[in-house]
Amino acid sequence: MNLRFIIQGIIVASVLLLFIPVSYAESEPLDEQGFVEKQMEQLQLDEVRAFWEEISTEYGGFLPESQKGTFMEFVSGEKQFSMKEWGVGLIRFLLHELLVNGKLLGSLILLTIFCMILQSLQNAFEQHTISKVAYAITYMVLMIIALNSFHVAITYAADAINNMIHFMIALLPLLLAMMAAIGSVTSAALFHPLIIFLVNTSGLLIQHFVLPLLFLSAVLSIVSTLTDHYKVTKLANFLRNFAVGTLGVFLTIFLGVISVQGAATSVADGITVRTAKFIAGNFVPVIGRMFTDAADTVLSASVLLKNTIGIAGLGILLMLCAFPALKVLSLAIIFNLSAAVLQPLGEDRS
């Protein structure tokens, strides 16, 4: 009998609970911008900020005032990147480099004209030992200038690659932390050792293999102009093509590995996040739906911050590459302009 009364009491209490009015407090909307600011405060942005300050200090004179500011001002949205104004700044920098290298252009023109005069004197007299020696010395000076300029260009390229590698290593932990925050734990775990290995390998390959081969190819091409009997232009072309081909193969492998890993891990991460949200929203009573709403807000804020840091990082990476590339381009323009102007005065010694 006692058991019977207990069961009846439980049933009656359950029925009465259905008619009791339930009041609930509506949750306050979560501030997505607040989450972004808190995450920015917790991230270690010192190394990335140092690269931005280096660019601003070294090349800030070529940029308009609207594009000068701290890294945090651009990330937080207080200042906006303008591709048009950055393009104008790059053009101003290129013109500045051309003016700076104008002295080199003048030296090349004067030395070449002097060579032509000595060659004319050499052909006009039977005893032309002195003029021949003077011609050889002047020609050697021209070759030294050319090799020195090429070495400067190689140095610009090596420094730019070194800066880009260090910047990518500094930016990588931030992006991987943001990837983990939005649920891409598998991607972050796999990309961390993989990208670091590929980035460092690419830097070592370019600095210690590709660039030295290109420099050696340039030296052989110049040496081939010294004599008409011994030519090494074929070897120079082979070394240049081999260096460029090796770099192309490595970049193909790099992009292929990143694409395959990204496709595989993104599927696993997407399934994991959706499964966790479904379980929390449908099987956790009372607070499950609140948990999923809060998670959506945090994920949205993390995605926003990840994209912002990624875009800012891409901009800094492009600037680290663009300014040295323009220095190399200015040297190439000077030499090509010199060759175009002086070609009618000389003879073909290729």
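Read the figures in this text as sums done on the coordinates, not as results from a lab. In this text the structure is predicted, and so the values were computed from the model without any measurement. Cβ placement follows ideal geometry from the backbone for every residue including glycine, while neighbour counts extend to all protein chains displayed.
Tabulated values for the structure
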quantity	calculated
Which of Cys321, Cys115 has the fewest Cβ neighbours within 10 Å, and the rest in rising order	Cys321, Cys115
Gain on full stretching of the segment that runs from Ile196 to Val244 - 0.36 nm per residue minus C-alpha separation	15.0 nm
Two-site label geometry, Val152 and Thr252: point separation in nm, points 7 Å out along Cα→Cβ	3.7
In nm, spacing of pseudo-spin labels at Leu337 and Leu105 (7 Å Cα→C-beta vector)	0.2
